[in-house]
Amino acid sequence: METVKIVVTGPFNAGKTEFISSISEIEVVSTERRITDGSRAVKRETTVAMDFGRITVDDGLILHLFGTPGQTRFNFMWDILSEGMLGFVVLVDSARPETFREAKTLLDRFRRYSATPYVIAANKQDMADAWPPEDLRIALRASSATKVLSCVATNHASVKEVLLDLLYSILESARGD
C-alpha cells in the first residue's frame, strides 16, 4: 500500500478544515481552538497545529491530507507539515481579495520547501462575489502552467476534483513527464 502525503495550506479562513472534512473517510483529527484575538469577528475557532484526514483511492493508494494553520503566528507548523509532502494545495478564499497577498506569500513559501507539484484551489466559487479562477491567477501572479481550479470546499465532488488533478500531477512528475 502506497501512502501519498498532501498538504492543504492557505490563509486564515480560506476553508482548509472544511476541505479536508468534506472528503476524509475518517473523522478528521483537528486542532481547532477558540479564537481569543480580533480574528474572532471572522469565525469562532481556528486550527492551531493541523488537521488530518485520509482517503483510500484504491487498493494500492491512500492519501494523507494535512491541513496547515492559516494564521502566521502558527507558521512553525508549515515547516513541520511540509516535510515529506508529495504535493500541496493552496486554498484561497476567492471572495476575499484582501487575503490574496497572504495566499501569494504562502504559495511562494511552500514552493521553496520542495519542487513538488501543487494546485491553487479558488474556494467559495458558490458565492456571488467570488473571483473567477483566471482572475485569481492574475492576482497571485501565477504562471499559465499553474493549475488554478474552481472549488467549493464544502462540496465532496469539488474537493475530489481538486485532489484528483493534483494526484495526476504527482503521478506525471514521478514518471518524469
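Would you check if Gly70 is at pLDDT below 90, over 15 Å from the mean Cα position of the chain (by Cα), small (Gly, Ala, Ser) and at negative phi?
Judged against the criteria, Gly70 is not a match.
Tell me, please, whether a residue that is surrounded by fewer than 24 Cβ atoms within 10 Å (Cβ to Cβ), acidic (Asp, Glu), outside any loop (DSSP other than H, G, I, E, B) and modelled with pLDDT under 95 can be found in region 20-31.
For region 20-31, residues surrounded by fewer than 24 Cβ atoms within 10 Å (Cβ to Cβ), acidic (Asp, Glu), outside any loop (DSSP other than H, G, I, E, B) and modelled with pLDDT under 95: absent.
Could you pull out the residue among Phe110, Phe100, Phe66, Phe88 that is more than 16 Å from Gly15 (Cα to Cα) and aromatic (Phe, Trp, Tyr)?
After ruling out the rest, the residue left standing is Phe110.
At least 2 residues that are surrounded by fewer than 20 Cβ atoms within 10 Å (Cβ to Cβ) and of a type in the set (A, V, I, L, M, F, W, C) in each: list the strands (runs of 3 or more DSSP E) lying fully within region 59-177 that qualify. Reasoning before the result, please.
On the way: elements: 61-67, 87-93, 118-123, 148-150.
Qualifying strands (runs of 3 or more DSSP E): 61-67.
Taking the condition of being within 12 Å of Val89 (Cβ to Cβ) and touching a Pro at 6+ places or on another chain (Cβ under 6 Å), how many residues in region 158-176 meet it?
Within region 158-176, residues that are within 12 Å of Val89 (Cβ to Cβ) and touching a Pro at 6+ places or on another chain (Cβ under 6 Å) number 2.
Can you list residue pairs whose Cβ atoms sit under 7 Å apart, with the first residue in region 16-27 being closer than 13 Å to Val92 by Cα and the second being acidic (Asp, Glu) and surrounded by fewer than 19 Cβ atoms within 10 Å (Cβ to Cβ)? Count only pairs 6 or more apart in sequence or on different chains.
As it stands, the answer is Thr17/Glu32, since those pairs meet every condition given.
The conditions are (1) at pLDDT below 85; (2) of a type outside the set (D, E, K, R); (3) under 14 Å from Val7 (Cα atoms); (4) buried (at least 21 other Cβ atoms within 10 Å of the Cβ), and Gly53 fails exactly one of them. Which is it?
Failing condition for Gly53: (1).
The values are calculated or read from the model by the stated rules, or taken from the named source; none is laboratory data. What you are looking at is a predicted structure, and each value in this text was computed from that prediction instead of being measured. Glycine gets a Cβ as well: all are built from the backbone with ideal geometry, and neighbour counts include every protein chain shown.
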